[in-house]
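Chemist: Handing you a structure now.
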Amino acid sequence: MTIADALPPELVAALRRARSIVALTGAGVSAESGIPTFRDAQTGLWARYNPEDLATPEAFRRNPRLVWEWYAWRRQLVSVAAPNPGHLALARLERLAPRFTLITQNVDGLHQRAGSTSVIELHGNLLRVRCSAEGTVYTTWPDVADPPPPCPACGAPLRPDVVWFGEMLPPEALERAWRAATTCDLFLSIGTSGLVEPAASLPRVAYASGATVAVINLDVTNAVEERCFYLHARSGELLPVLVSAAFPDAAT
């Protein structure tokens, strides 16, 4: 049986008629591009470190160079990765849907590289840094012999523009995500475990607000419930087929 044969026709119909679609993506989507998940990334020189001990404000204050170099290593992993068919299918869906909102927990920027134009980044982005004192965001920074480099405005150390353990999510991004979830017709939860709050609540909020919900993940078993579909599949394999099934006459 092919993926097309296994697609619930009710889900295809829901996608076709939806006026407002929200997609929430997690680490499983990036893993299909060869990017290790947060905890799986500890290899080589970094295998002796617990990621939770590096991704905190306390760790940065204690040893800013160590934290900076760990994120520089992760940034290198991202730089050699490419968007996969799941990323590309979501970018295509954005062009086809009357209203589309993409929310991601990933920090690798692959959605933007795939062509998605309006991405709500709940956890920030590895490809940016910000001033550790004033919060000013920068997309470029100098290489220095003793990292991290200083903020060009105030001289405080620059830090990755990502959300660390113990920090709040960006309020504006979270508000936009919440508003999108409460007003959509169809919510796609893709490659995310559904364990990290507050993102884990977004599909439940959408469902409670009347939306159809589809969970696409290797951690679920195929099942159909009222207005809720569970699809055991890789996003890079299922999403292109799903989008094409819902919009068969649309140009790629």
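Throughout, read-outs are computed from the coordinates displayed, never taken from laboratory work. Since the model is a prediction, treat every value here as computed from it, not as a measurement. Please note: Cβ atoms are built from the backbone with ideal geometry, for glycine as well, and neighbour counts cover all protein chains shown.
Chemist: Taking loop as defined by DSSP and a crowding limit of 16 other beta carbons within 10 Å, which chymotrypsin sites (Phe, Trp or Tyr not before Pro) in the stretch 137-217 fit?
Modeler: Values: sites: Tyr138, Trp164, Phe165, Trp178, Phe187, Tyr207; in loops: Trp164, Phe165.
Counting only loop positions with at most 16 other Cβ atoms within 10 Å, the chymotrypsin sites (Phe, Trp or Tyr not before Pro) in the stretch 137-217 are Phe165.
Chemist: Mind listing the phi-derived Karplus ³J(HN,Hα) values for the stretch 217-222, rounded to whole Hz, using 6.51, -1.76 and 1.60 with θ = phi - 60°, and x for any glycine or proline?
Modeler: My calculation for the stretch 217-222 gives 6, 7, 8, 10, 9, 3 Hz in order.
Chemist: In addition: Any idea what the relative contact order of the stretch 97-252 is, in percent, if you count C-alpha pairs under 8 Å spaced at least 6 apart?
Modeler: 14 percent
Chemist: Work through the residues other than Val144 whose Cβ is under 13 Å from its Cβ and net out their charges, Lys, Arg +1 and Asp, Glu -1.
Modeler: -2
Chemist: Please report the net charge: other residues with Cβ closer than 14 Å to the Cβ of Leu88, K and R +1, D and E -1. Provide the component values of the computation, followed by the final result.
Modeler: Values: positive: Arg92, Arg95, Arg113, Arg234; negative: Glu32, Glu94, Glu237.
Around Leu88, the charge tally is +1.
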